[in-house]
Amino acid sequence: MKGKNIVLVGIKNTENLGIGYLASVLNSAGYNVRIYCHNDFNDEILEVLREEDPVIVGFSVVYQYYIDTFINLVKFLREQGIAAHFTAGGHYPSLKYRELFSFTNALDSIVRFEGEYTLLELADCISSGRDWRHIKGIAFKCGDEIITNPLRTFEKDLDKFPFPVRPPLRDYGFGKKFATIIAGRGCIHSCSFCNLREFYRQSKGPYKRIRRPEMVVKEMDYLYKENRCSVFLFEDDDFPVKTSYGSEWIKEFCKELSQKGLSDKILWKINCRADEIEEDLFALMKSNGLYMVFIGIDDGTNEGLRSLNKHITVDKNLEGISILKKFGIGFDYGFMLFQPVTTFSTLGKNLDFLLQLCHDGYNTVMFNKLRPYYETRVEKELVEAGRMKGLPGYFDYDFIEESMNDYYNFITDCFMDWLRDTEGVVNLSRWARIYCLVYNHYNRVTDEVLKTEKEISDFIAESNHFILDSMKELSAVFESGQYISDKRLLKRFRIKIKSRQSYFVKQINDSVSKLFSIYNYMDLESLYNLVKYATPGFSYNK
């Protein structure tokens, strides 16, 4: 035997459930698996590989925008003498394996689509010195030719996989640890900007597989008891609120949580569609720990939603959000303000929608540009129209109107820190809302807490109005062409935006600090009472 050590590398991802499942299957078969999360420290991973001397190094390349990082890494490792079998897996290598092989000669193989059993068979062959080139689900180069073996059938019963290997759990807030988890794999929907449907179509696997609710709760119960995990972030693209059997899955899931005594001890977040949100169902979910929902809203007009193949209406999105607010359930959302067909007219309608959505500070204004991911309808349409630009892995497009390109570039530049920085308004606002939700679930809510939470909402609302008002004003400046003749006007906007960014960051940070101060005081008060009643004659000046 050549060895039993395997290293799995996540590219730009601090926690990767896909790698966790691969590691758990390999560990169960007797392999020693080490997971490494790569963050541009090539010398560090080189040291890890020299220490482990693995027979296989597996790279998870989920997103196309990490291609350069991946290529530079494998090239560096080969140049430093790492001779292990290099294989890659994930959505991008599965669908674009020919492209990936054209970028680098450092790869020995690619594991396509679901990799648990394929990687295990690959490990068995390589560790024993047997030929691996016959394995189902493998692609590899033979000279100048790329060989693609027949695909492996998907595992229908996801609960046959052991629980995934996880890194040490991190703090989520107020001393509560969190973990990511899945209730299933896949999605039955076919949004024009998503390649998940294509992933399952090419693999000839079922579009969606769901775990048994009792097994999901069993994993949560294990993590709660063994790892003191209190917050669970479901990574399902579409959590099984509704299935072909109606709402029976989620009802059974909530029943299992209640029977395990977890309902008041844990919190959980899901991703779902707004048209799956119903009052009775979400009241049940809220009472069993649901605290946050991510919704792919994506557009604020019915025309835009049809273009994205969302099969939902604006009213239905707003109705679902209204139900979440009624029960005090938080929500995050995806919104693609900038799309290939964006004009100043559609922009204005979407800005109005965002104001309707976020005017009260219940959530923060956030948005993105629609990216032309590989193997999506959007990508194909842009290619056919001759609008795609850039290099593989970094394809992008310009808007139809040149002034919209200038507007987008200016907005992106001015609000970059606001929208993207970890200390920016959007991230701080999101976490402020999360802290309020977590605090309220586990602690006594006093008048002081309510006052502080209202402060947070008020500052978020104020920041939302500022960014949307600014973007409206600037849209008029760019649509009219005034920005070309009056450069000082744009400079004044830059100064104002930077100043208000600093103001909102300070106010939100100060309010969150107050919440933590209340928590720390109440925690000290609880400790004081515990000692007081346990120790006769004890006194302490608080």
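Computed from the coordinates by the stated procedures, all read-outs in this text should not be read as laboratory data. Since the model is a prediction, treat every value here as computed from it, not as a measurement. Virtual Cβ from ideal backbone geometry, glycine too; neighbours counted across all protein chains shown.
Within the shell of other residues whose beta carbon sits under 14 angstrom from the beta carbon of Lys225, the net charge comes to +2, with Lys and Arg scored +1 and Asp and Glu -1. When both bridge partners sit in the chain, DSSP labels roughly 25% of those beta bridges antiparallel. Karplus-derived 3J(HN,Hα) values for the range 364-371, using 6.51 cos²θ - 1.76 cosθ + 1.60 with θ = phi - 60°, are 9, 6, 9, 6, 9, 9, 5, 9 Hz; glycine and proline are entered as x.
In this structure, the amide hydrogen of Leu151, modeled 1.01 Å from its nitrogen in the peptide plane, lies closer than 5 angstrom to those of Gly137, counting only residues at least 5 positions away or on a different chain. How high is the relative contact order of the range 5-148, given as a whole-number percent (alpha carbon pairs under 8 Å, six or more residues apart)? Relative contact order of the range 5-148: 22 percent. One decimal place: the segment Asn32-His134 gains 34.3 nm when fully extended, by the rule 0.36 nm per residue minus the C-alpha distance. Shape verdict for the range 239-316, please, from the Cα gyration tensor: rounded (a/c under 1.5), prolate (a/b greater than b/c) or oblate. Since a/c reaches 1.5 and a/b is larger than b/c, the shape of the range 239-316 is classed as prolate. Listed by chain and number, the lysines placed with their C-alpha closer than 16 angstrom to that of Lys514 are Lys451, Lys454, Lys506; residues fewer than eight positions away on the same chain are left out.
Other residues within the sphere of radius under 15 Å centred on the Cβ of Asp447, judged by their own Cβ, net out at +1 (K and R +1, D and E -1).
Residues in the range 259-271 carry Karplus couplings, in order, of 5, 7, x, 9, 3, 9, 9, 10, 10, 9, 10, 10, 10 Hz; the curve used is 6.51 cos²θ - 1.76 cosθ + 1.60 with θ = phi - 60°, and Gly or Pro positions show x. Of the trypsin sites (Lys or Arg not before Pro) found in the range 103-155, those that fall in a DSSP loop while having at most 16 other beta-carbon atoms within 10 Å are Arg130, Arg133, Lys136.
Separation of the range 212-258 and the range 52-83, taken as the distance between their Cα centroids, equals 35 angstrom. When DSSP assigns beta bridges and you keep just the ones with both residues in the range 207-358, what percent turn out antiparallel, to the nearest 5? Just about 5 percent of them are antiparallel. Taking 30 Å as the limit for the C-alpha separation, the pairs Lys156/Lys316; Lys136/Lys255; Lys156/Lys251; Lys96/Lys286 exceed it in the case of Lys156/Lys316; Lys136/Lys255; Lys96/Lys286. The residues Met215, Met366, Met285, when put in order of fewest to most other Cβ atoms within 10 Å, stand as Met215, Met366, Met285.
Note on the range 273-348: Cα Rg divided by 2.2 N^0.38 Å, N the number of residues, gives 1.21.
Phi angles of the range 489-500 translate, via the Karplus equation with coefficients 6.51, -1.76, 1.60 and θ = phi - 60°, into HN-Hα couplings of 4, 5, 4, 5, 4, 4, 4, 5, 5, 4, 5, 5 Hz per residue; Gly and Pro are given as x. Counting 0.36 nm for each residue step from Lys349 to Ile146 and taking away their Cα separation leaves a gain of 68.2 nm. For Lys265 and Lys75, the FRET efficiency from 1/(1 + (r/R0)^6), where r spans their Cβ atoms and R0 equals 60 Å, is about 0.80.
Taking 0.36 nm per residue of separation and subtracting the Cα-Cα distance, full extension of the segment from Arg212 to Leu450 would add 81.8 nm. Less than 5 angstrom separates the built amide H of Phe294 from those of Ile270, Asn271, Cys272, Asp332, all sequence-distant by 5 or more or on a different chain. Peptides 274-280, 433-439 ordered by packing proxy, namely the average of other Cβ atoms within 10 Å per residue, highest first: 433-439, 274-280.
Extent of the range 5-148 along its three principal axes (Cα atoms, max minus min coordinate, largest first): 34, 34, 29 Å. In terms of overall dimensions, the C-alpha atoms belonging to the chain reach 79, 69, 50 Å along their principal axes, ordered largest to smallest. When its C-alpha radius of gyration is set against 2.2 N^0.38 Å (N residues), the range 134-239 gives a value of 1.38. Near Glu116: Cβ cut-off under 15 Å, other residues only, Lys/Arg at +1 and Asp/Glu at -1. The net charge is +2.
The helix-only estimate of mean residue ellipticity at 222 nm for the chain, built from DSSP H runs of length n ≥ 4 each weighted as -39500 (n - 2.57), is -16000 deg cm²/dmol after division by the residue total. Amide H contacts of Val9 (H built 1.01 Å from N, in plane; Pro and chain starts excluded): Tyr36, Gly58, Phe59, Ser60 sit under 5 Å, all sequence-distant by 5 or more or on other chains. Ranked by how many other Cβ atoms sit within 10 Å of their own Cβ, fewest first, the residues Met336, Met416 fall in the order Met416, Met336.
Here the contact order of the chain, divided by its residue count and restricted to Cα pairs under 8 Å and six or more residues apart, works out to 10 percent. Counting only Cβ charges, +1 for Lys and Arg and -1 for Asp and Glu, the dipole size of the range 5-148 around its Cα centre is about 380 debye. Cβ crowding within 10 Å, taken as a proxy for footprinting-reagent exposure, orders Arg500, Arg170 from fewest neighbours to most as Arg170, Arg500.
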